[in-house]
Each structure stands twice: as structure tokens, then as C-alpha cells.
Amino acid sequence: MRQAEIERKTAETAVRVAIKLNGSGESRVDTGIGFFDHMLTLFAHHGRFDLTVACRGDVEVDGHHSVEDVGIVLGQAVKTALGDKAGIARYASFYVPMDEALAFVAIDVSGRPFFVYDGGVMAPMIGGYDTELTEEFLRAFAFNAGLTLHVKVLYGKNSHHKVEAVFKALGHALREAVAIREDIKGVLSTKGTL
């Protein structure tokens with residue numbers, strides 16, 4: 001199947017995410033934060049995931065709860081869609097240039113969550129999106145999907161370009177890491193489990 005739908009409701013947000021890992025990159029995203037919608041759309045398109053995200057959150061406070069909770073639910077959906085992870089490539093990394101900016105993402109679908117982020121200096125806001133929330137989203141996503149995730153913006157001047165390069169690189173790297181490989185029987189671990 002390699003697909004999942006997860007819902008999460010709190011006093012701050014109501015989030016529903018549906019993902020199909022073997023998709024075509026089609027997406028319907030509505031979080032109430034325009035730039036974040038754009039980034040999730042890019043993630044789905046470049047990862048070739050079919051993705052639906054609906055979030056109603058307390059954006060009148062700020063975007064923190066919505067962005068973090070979408071990360072939580074998207075991570076849970078990816079983890080569920082992967083099942084026992086049999087046959088997946090497990091590891092992947094990808095560089096994405098976006099004009100003057102360059103971002104790098106490395107992933108291990110290990111089942112052991114860990115997260116390293118070096119986003120460099122960013123403008124405080126991109127439209128209505130607080131750039132600090134990129135790190136919050138990625139952390140929530142990694143820990144709930146069970147990923148070891150390393151993200152680095154190597155350089156760039158335009159914050160929009162830097163964040164966009166990160167989300168595109170994340171899509172590409174995740175697509176490669178979760179791809180089924182014919183030469184892998186079971187899981188790619190001497191432990192026998194991921």
C-alpha cells in the first residue's frame with residue numbers, strides 16, 4: 001500500500017495528512033500559512049508523493065503550533081506508510097541549488113530519530129512565515145517518522161531561496177531513501193529491523 005492517513009486534534013490545531021509514497025507529486029495543501037503551503041507543495045512534487053494536508057490552527061497567535069503539528073502528523077503518516085520498511089534503500093542524500101543558495105539533506109530511515117540542522121542566517125520572516133519554524137517542522141517530522149535527518153544550508157543570500165532549497169532537497173532525499181530496491185531482501189540492517 002505505502003500510503004497512510006493520520007489525523008491529530010489538540011486545543012491549538014486540527015491536522016489531517018494523507019500521503020501516498022508511490023505517487024505522482026500531486027498535492028492539496030492548506031495550512032493557513034501561504035509560504036508553508038508552497039514549501040509542502042514543493043516537497044510533494046519533488047518527492048513524487050501524493051500529499052494532502054489540511055490544518056486549522058491558531059495562526060492568529062503565530063504559525064508555530066500549525067507548522068510543528070503538521071511536521072508531527074506528516075512524520076507519523078510517513079512512518080505508517082513505510083510499514084516494516086522491507087526492501088527500502090534506507091539511506092539517501094541530495095543537494096539542491098536554488099539560484100545563489102545551496103542546501104544539503106541526508107536521511108537514514110533508521111527508526112532511531114536524530115536531527116541536525118544548520119540553516120545559517122535567515123531573514124526573520126518570509127511573508128507570514130517565521131523562518132525559525134523550518135527547524136521546528138523538520139525536527140517534528142524527523143522524530144515522528146523515525147528518521148536520522150541532517151540538513152545544512154551551505155550558502156545563500158535570499159532566505160526564500162534557502163528554505164525552498166531545503167524543502168526540495170528533503171523531497172528528493174526522502175524519495176530515494178524510501179524507494180524499494182530489488183536487490184534488498186528484508187531490511188537493510190544487520191540487526192534485522194529498522
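A few points about this structure:
- Estimated FRET transfer efficiency when R0 is 45 angstrom, pair ARG28-THR190 (beta carbons, to 0.05): 0.65
- Beyond 25 Å in Cα-Cα separation lie the following of the pairs LYS79/LYS162; LYS85/LYS191; LYS9/LYS162; LYS20/LYS191: LYS79/LYS162; LYS9/LYS162; LYS20/LYS191.
- In the chain, inverting the average of 1/r over every pair of distinct C-alpha atoms gives 16.5 Å as the Kirkwood radius.
- For segment 51-95, backbone nitrogen atoms closer than 12 Å to the point 7 Å from ARG181 Cα along Cα-to-C-beta are found at 87-93.
- Comparing mean-square fluctuations of LEU133, LEU147, LEU170 from a GNM of the chain with C-alpha springs under 10 Å, the top value falls on LEU133.
- Proximal aspartates and glutamates relative to LYS152, as straight alpha-carbon distance under 17 Å, when same-chain residues fewer than 8 apart are discounted: ASP99, GLU100, ASP108, ASP118, GLU132, GLU135, GLU136, GLU164
- For segment 97-134 and segment 44-68, distance of Cα centres in Å: 16 Å
- Among GLU182, GLU164, GLU68, the largest mean-square fluctuation in a Gaussian network model of the chain (Cα springs under 10 Å) belongs to GLU182.
- Rounded to 0.05, the FRET efficiency of the GLU100 and ALA11 pair, given R0 = 41 Å and the Cβ-Cβ distance, is 0.50.
- Full extension of the chain between ASP84 and VAL116 yields a length gain of 9.0 nm, computed as 0.36 nm times the residue separation minus the alpha carbon distance.
- Residue-averaged 222 nm ellipticity for the chain, from DSSP H runs of 4+ at -39500 (n - 2.57), nearest 500: -11500 deg cm²/dmol
- Whole-angstrom Cα spans of segment 20-76 along principal axes, big to small: 36, 22, 13
- Contact order normalised by residue count of segment 57-194, Cα under 8 Å, 6+ apart, percent: 38 percent
Bear in mind these aren't lab numbers, they're just calculated from the coordinates by the rules spelled out. Because the structure is a prediction, the values reported are computed rather than measured. So basically every Cβ, Gly included, is an ideal-geometry build from the backbone, and we count neighbours across all protein chains shown.
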